[in-house]
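A.B. asks: Pasting in a structure now, in structure tokens, and then I'll have a few things to ask.
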Amino acid sequence: MLPGPVFAAELMTTARRARYYALRMMYGMVLLVVFWASYRAFDQIYGNGRETFTPGQMSTFAKQTFDWFAIAQALTVLVITPALVAGTIAGEKQRKTLHYLLASQLSSGEIVIGKLLARMLMIFVYLLAGVPLLFLLMLFGGVEIELILATFGVTVTFALFIASVSIFFSTVMRQARSAIVMSYVSLVVCFLMPYIARESRAIVPDWLSWLLAALDYISPMINLAEYYEFQISGTLHAWVVRMVVAQWIYSVILLVYSTRSLRRIAASQTAQPKVILRLDSRGRPMWRALPRPAVGDDPMLWKERYTARVGGVAKMLGLFNNLFWAVLIGCLTFDYARTAILEVIERGYGDPNRQHFQGEFNTVLRAITPWVAGFWLLGTATTAASSIASEREDDTWISLIASDLEGKEILRAKLLGSILRFRWMGLMLLTMWALGVTGGAIHPLGFAAATVELAVFLWFAAILGLRFSLLSSSTSKSLAMTLGCFIFCNVGYLLCCLPLPMSGTVFNLMGVMPWLIREAIFSASDMQQFNNFTEGSYSTYLRLWADQPIVPSVLGVLVYALSAWFLTKRTYARFDTVVDRPRMSS
């Protein structure tokens, strides 16, 4: 009978974990910071030393604060739901305890729905943390009860959809880390689907326009601009109703499939496969486009680079995904690169006063680079976070540390392997930047600066995940700590910058890695502008310090480089102590 004993057991075990108390406390602090930041922005516009405000102004303040609150609430649900839900069933598989649940009298629905409802109740607790703030805002007026109910309804449906996607991947995946990563990836694809469908209408033939319209119509997500428009207007548009209905339909389909397929998938994952597709003369079940190279003198690095933790089908899907994004980005940049190169041939290279297409190409590169670099950094951090913890869960860690390999050899291989796992993104970035240099859109010094910054940030992301993976007992805990720290270093710290006197300047962004890489690929005109600033007076130097991104970029890279160096030295020095292995005699 639903929800069943699994629901009660999940509530009891999750309620005792300290990290969930810390998450609720952090969410409450974020809401307070949002409230304070909204009041500060309102006071700067309407204050001017006044101690009283008109009712209309107070209503504007309440509406503005509610908009910020709704966006913060939606982003919180998007970030924490996969981490809370995706590891529930996959974690049981890794701990070898799922077969005990399946052998009991519990039905598949009690297992799946019980775990889902327990985690949804935790998410609902997070949503209830903002109720006192809403009651406070209603005293100012301007926020109708219909708008509050509609926003909460959309948020709950949004959370249910994300939880259904997460429980689906938790059912079909063998490991928690794979379920968590696939949940986030699928949500990113759902977010990008409306953008791709709408932006591709100009290049797709007319006879395929119905397909793009269908993708836009059945998409379970809307773009953030439309969601923000919904918060501003306060009216329930038809596309909001369509989104809610689509999310409910997808949620029901995913839950029904997960419930009905739980036992079948679990049995197929524990038993030997009946049919193995062998594609080479040696009878290997894993498909590879190219043969593996020789092991060489560094077997640990060879293992991390050439032995994947995913099967042949997942590898094929990953290959098609990589080809899709490479073709899409290539099509977006080809025309701009061609016109920029032709302009260089016609007008010459390096003259900022005679550039037009080169400037447009630089704008396109600056729009694409943060996304590719950001995904590479995030993928590196998550891969490193699961590198050592997964060895423990797969019962291979003891065999690894019992070998003749030293700690620095293991850590170096894990570090480089996590960076090189997504090396195709690096190849894509270097290709685009090389075209930018050839087409005059990127200054050669900008190419060198972006390459150095990317190397430093990849080093920091890899050693951060590796550090948490070494100290954590499970992959899910390591991923949660790594993602939390990574998000705070790039976005979360901005909330702490709001009370500072330099709030609103480019110095606030000195920790955002994608933004720093974006600013590093400057053009010849940007270089000329910087030279004009440096030749000015003392007031010009102050303006350079406050407005130009060169100073915060240098400081940000130095901070990340020192942090990566410190974490690397600390991790290398304490490896044998953490894993409880006696040091090898010389």
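The values are calculated or read from the model by the stated rules, or taken from the named source; none is laboratory data. Small disclaimer: the values here were computed from a predicted structure and weren't measured. Reconstructed Cβ throughout: ideal geometry from the backbone, glycine too, with neighbour counts over all protein chains shown.
A.B. asks: Only residues in region 232-253 that are at pLDDT below 65 count as the first member; pair them with residues that are outside any helix (DSSP H, G or I), Cβ under 8 angstrom, at least 6 apart or cross-chain, and list the lot.
C.D. replies: These pairs meet every condition: G234/E144.
A.B. asks: Is one or more of the residues making up region 7-28 crowded, with 17+ Cβ neighbours inside 10 Å, under 22 Å from the mean Cα position of the chain (by Cα) and aliphatic (A, V, I, L, M)?
C.D. replies: yes
A.B. asks: Moving to a separate point now. Restrict the check to region 122-131 and report whether at least one residue is in the same structural domain as G28 (by TED's automatic domain parsing) and more than 25 Å from T13 (Cα to Cα).
C.D. replies: The answer is yes, given that some residue of region 122-131 is in the same structural domain as G28 (by TED's automatic domain parsing) and more than 25 Å from T13 (Cα to Cα).
A.B. asks: Report, by residue number, each residue of region 95-146 that is within 21 Å of F168 (Cα to Cα), in a loop (DSSP other than H, G, I, E, B) and in contact with a helix residue (DSSP H, G or I) (Cβ under 7 Å, 6 or more places away or on another chain).
C.D. replies: Across region 95-146, the qualifying residue is only L106.
A.B. asks: Say we look at region 64-93 and pick out the residues that are surrounded by fewer than 21 Cβ atoms within 10 Å (Cβ to Cβ) and more than 22 Å from the chain's Cα centre (by Cα); which of these is nearest to I162 (Cα to Cα)?
C.D. replies: Of everything passing the filter in region 64-93, E92 is nearest to I162 (Cα to Cα).
A.B. asks: Got a number for residues in region 35-94 being outside any helix (DSSP H, G or I) and in contact with a helix residue (DSSP H, G or I) (Cβ under 8 Å, 6 or more places away or on another chain)?
C.D. replies: Taking region 35-94 as the starting set, the residues that turn out to be outside any helix (DSSP H, G or I) are 47-54, 86-87.
Pick out the ones that are also in contact with a helix residue (DSSP H, G or I) (Cβ under 8 Å, 6 or more places away or on another chain) and you get 53, 86-87.
Qualifying residue count for the region: 3.
A.B. asks: For region 343-361, does any single residue satisfy the condition of being closer than 27 Å to Y306 by Cα and of a type in the set (S, T, N, Q)? I'd like the intermediate steps shown before the answer.
C.D. replies: Initial filter on region 343-361 (closer than 27 Å to Y306 by Cα): none.
Checking region 343-361: not a single residue is closer than 27 Å to Y306 by Cα and of a type in the set (S, T, N, Q).
A.B. asks: Residue by residue through region 94-104, note down the ones that are polar (S, T, N, Q) and either over 14 Å from A179 (Cβ atoms) or buried (at least 23 other Cβ atoms within 10 Å of the Cβ) (or both).
C.D. replies: Answer for region 94-104, where residues must be polar (S, T, N, Q) and either over 14 Å from A179 (Cβ atoms) or buried (at least 23 other Cβ atoms within 10 Å of the Cβ) (or both): T97, S104.
A.B. asks: Further question: Here is a check on your reading of the model: is G492 assigned to a helix (DSSP H, G or I) and either modelled with pLDDT of 80 or more or in contact with an Asp or Glu (Cβ under 8 Å, 6 or more places away or on another chain) (or both)?
C.D. replies: No, not satisfied.
A.B. asks: Go through (1) crowded, with 18+ Cβ neighbours inside 10 Å; (2) at positive phi and name the single condition V112 misses.
C.D. replies: Exception for V112: condition (2).
A.B. asks: Now a separate question. Restricting to region 475-490, give me the number of residues that are in contact (Cβ under 8 Å) with a residue 60 or more places away in the chain and surrounded by fewer than 19 Cβ atoms within 10 Å (Cβ to Cβ).
C.D. replies: Residues that pass the stated criteria total 1.
A.B. asks: Hey, another quick one. Suppose we keep only residues that are under 14 Å from R518 (Cα atoms) and under 18 Å from the mean Cα position of the chain (by Cα) within region 444-465. Which one would you say is surrounded by the fewest Cβ atoms within 10 Å (Cβ to Cβ)?
C.D. replies: Restricting to residues being under 14 Å from R518 (Cα atoms) and under 18 Å from the mean Cα position of the chain (by Cα), the top hit is L454.
A.B. asks: Go through region 140-174 residue by residue and tally those that are crowded, with 21+ Cβ neighbours inside 10 Å and within 25 Å of D394 (Cβ to Cβ).
C.D. replies: 7
A.B. asks: Filter the helices (runs of 4 or more DSSP H) completely within region 355-443 down to those with at least 2 residues that are more than 29 Å from the chain's Cα centre (by Cα) and free of Cβ contacts under 8 Å to residues at least 60 places away in the same chain.
C.D. replies: The qualifying helices (runs of 4 or more DSSP H) are 397-401.
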